[in-house]
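Colleague: To start, I am sharing the structure in question, which I have written as structure tokens.
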Amino acid sequence: MRHVTEWRTIIEPFRIHSVEPIRMTTLSERASLLEDVGFNLFSLRAQDVLIDLLTDSGTGAMSSEQWAGVQRGDESYAGSPSWFRFRDAVQDLFAFEHVIPTHQGRAAEKILFSVIAGPGKVVPNNTHFDTTRANVEATGAIALDIPIAEARVPSDRHPFKGNMDLDALERTLQDSDVPCVFVTVTNNSGGGQPVSLENLRAVKAICESHGIPLFLDACRFAENAWFIREREPGQENRDVRDIVKDMASLADGMTMSAKKDGLANIGGWLALDDDAIAEQCRTLLILTEGFPTYGGLSGRDLEAVAQGLKEVVEHDYLRYRVLSTAYLGDALTRAGVPVVQPIGGHAVYLDARALLPHIEPLQYPGQALAVALYREGGIRGCEIGTVMFGRQPDGSELPGPMDLVRLAIPRRTYTQSHVDYVVEVVTAVAAKADELRGLKIVEEPPSLRHFTAKFAPL
Ligand code: F0G
């Protein structure tokens, strides 16, 4: 008898318990909705989207045990049993002294950087995600991205494209005032690529030699640990929980969005060992989020995260998660659509710059492709390119490092036939790529423009 994982067909390791209907739309409806929202997919109503791959953040399905936890949630203002279950679940994987709950990841970032960053300082990261960058820059500090060179080449198949450039880190720590070093696991803006344990150890050694703390932006820690198990020599056959603990033991603290690998719809935390910094962070927490035993969360949210942290490190779940994302990426690769290689954990990143060479980066090929996927098939992806990263702090505009469209896969939410539909639509749009036109921005806010900018076709 074969083990289930030896058959070629990947099955979802769950049955569906409660369903949400999807509203069908027509091509002409979608074309007119695009006009209405200024070609910004963030401004669409979700009910007008057929397959929503905008983000994997907070959009996953909870398990029956998580819903049971929601019922058990204790809403005491201070010292709720739900808080202790949350804290214990976090510390079981990440043995930091202080756990500070927040309503989501960016609240943890805001609090930490308000305390430790500021004008004249530099925060290095393999690649900052947009809110992390914005929170560093909001304090007057510089957010510096130093991934390895392979990370910037979409077709390169390096197994750990999330790794940090160690020489660049050493130089930065010699030359700059660095309050802490961040490593984002997995590297979201760089294609959902993992960081190896070997690279984390080397980063830690450099940080230690300069006496500088290392923090993880740990949103997708379980997917990162699964890739380590799959790809790093000597790590095969290990329990993923032990790999997560190894990752945590190399860091001095972390920020976390439980909307990703917490398998919850809301939640996050800041965790760290340093007593004095934790004290200052808790004071800020009380000003902005709430009392330190709930942060910005209700007791039932704390329960959902506590249970989610147990489920996210289950091997059957992670095997399905990573294989089902690869199922989409591999099918598109076979169809000749350029995608970031190797396929990441939570998303497939279409390489719009390669697919649409006739559209200049400053005419936003990523946005043009994202708009076409919605118009043709009601699929909502997210531009990660010049719209998101092109505006510089001094007001000038430059091409982003890459022009990608991220198709992020909500956890445990869509089935294989939904994904087959996505493959069909993306392949059809790619087949008439030369007909797509660029866009210009007609309205934009001073920062984080991708959320609200309005566009017009060229
Ligand atoms: N860090 C990373 C690497 C992220 O991907 C995100 C969120 C955050 C921090 C902030 O967490 O949303 O809970 O405040 N990423 C989402 C995304 C929004 O779509 O990738 P948050």
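Colleague: Give me the number: length gained by fully extending residue 11 to residue 201, i.e. 0.36 nm times residue separation minus the C-alpha to C-alpha distance, one decimal in nm.
Modeller: 64.9 nm
Colleague: Can you give the calculated 222 nm mean residue ellipticity of the chain, where each DSSP H run of n ≥ 4 adds -39,500 (n - 2.57) and the sum is split over every residue, rounded to the nearest 500 deg cm²/dmol?
Modeller: So the calculated ellipticity at 222 nm is -12000 deg cm²/dmol.
Colleague: Show me the ranking of peptides 393-403, 326-336 by mean Cβ neighbours inside 10 Å, starting with the highest.
Modeller: Averaged packing, sorted descending, gives the order 326-336, 393-403.
Colleague: For region 64-311, report the convex hull volume of the alpha-carbon atoms normalised per residue, in Å³, without decimals.
Modeller: Expressed per residue, the convex hull around the Cα atoms of region 64-311 is 113 Å³.
Colleague: A further question on this structure: If you wrap a convex hull around the Cα atoms of the chain, how much volume per residue is inside, in Å³?
Modeller: 145 Å³
Colleague: Work out the length of the dipole vector of the chain about its Cα centre, built from +1 on the beta-carbon of each Lys and Arg and -1 on the beta-carbon of each Asp and Glu, and round it to the nearest 20 debye.
Modeller: 860 debye
Colleague: Give the peptides 346-355, 136-145, 439-448, 290-299 in descending order of average Cβ contacts within 10 Å, highest first.
Modeller: Top of the packing list down: 346-355, 290-299, 136-145, 439-448.
Colleague: Let me ask something additional. Which entries of 110/454; 161/440; 121/454 have Cα-Cα distances beyond 30 Å here?
Modeller: 161/440; 121/454, as the Cα separations exceed 30 Å there.
Colleague: On a straight-distance basis, which lysines could pair with residue 245 in a cross-link, Cα separation under 21 angstrom, same-chain partners fewer than 8 positions away excluded?
Modeller: Leaving aside lysines fewer than 8 places away in the same chain, those within reach of residue 245 are 204, 259, 260, 310.
Colleague: May I ask you to give the percent of accessible area on the chain that is carbon plus sulfur, with a probe radius of 1.4 Å?
Modeller: The value for the chain is 51 percent carbon and sulfur by accessible area.
Colleague: Using all Cα-Cα distances in region 152-267, what percent lands in each 5 angstrom bin from 0 up to the longest?
Modeller: Pair shares across the bins are 2, 12, 22, 23, 20, 13, 7, 1, 0.
Colleague: Now a separate question. Calculate, for the chain, the solvent-accessible area per residue in square angstrom, rolling a 1.4 angstrom probe over the heavy atoms of the protein chains.
Modeller: 41 Å²
Colleague: Show which aspartates and glutamates lie in cross-link reach of residue 432 when reach means a straight Cα distance below 14 angstrom and same-chain residues fewer than eight apart are skipped.
Modeller: 376, 424
Colleague: Here's a follow-up. Name the residue from 113, 71, 160 whose Cα lies farthest towards the positive end of the charge dipole of region 64-311, charges +1 on Cβ of Lys and Arg and -1 on Cβ of Asp and Glu.
Modeller: It is 71.
Colleague: Take the Cβ-Cβ distance between residue 23 and residue 454 as r, set R0 to 30 Å, and report the resulting FRET efficiency rounded to the nearest 0.05.
Modeller: Between residue 23 and residue 454 the formula returns 0.75.
Colleague: What are the principal axis extents of the Cα atoms in region 192-348, in Å, biggest first?
Modeller: In descending order, the Cα extents are 53, 41, 30 Å.
Colleague: Sort the following peptides by mean Cβ neighbour count (other Cβ atoms within 10 Å, averaged over residues), highest first: 244-252, 153-161.
Modeller: Descending mean neighbour count gives 244-252, 153-161.
Colleague: Looking at the chain, do any whole DSSP H helices span at least 24 angstrom along their long axis by alpha carbon and average -1.0 or above on Kyte-Doolittle, and which?
Modeller: Both cut-offs are met by 315-334.
Colleague: Moving on to the next point. Roughly what percent of Cα-Cα pairs across region 292-397 reach past 25 Å?
Modeller: Tail of the P(r) past 25 Å holds 45 percent of the pairs.
Colleague: Could you tell me what percent of the DSSP beta bridges with both partners in the chain are antiparallel, to the nearest 5?
Modeller: Within the chain, antiparallel bridges account for around 65 percent of the total.
Colleague: Magnitude of the Cβ-charge dipole of region 64-311, K/R +1 and D/E -1, about the Cα centre, nearest 20 debye?
Modeller: Approximately 460 debye in magnitude.
The values are calculated or read from the model by the stated rules, or taken from the named source; none is laboratory data. Computed from a prediction, not measured in an experiment: that's the story for all the values here. Positions of Cβ are backbone-derived with ideal geometry, glycine not excepted, and every protein chain shown enters the neighbour counts. Heavy atoms of the whole protein, side chains included, go into the accessibility calculation; ligands, DNA and RNA do not. Shrake-Rupley method; radii C 1.70, N 1.55, O 1.52, S 1.80 Å.
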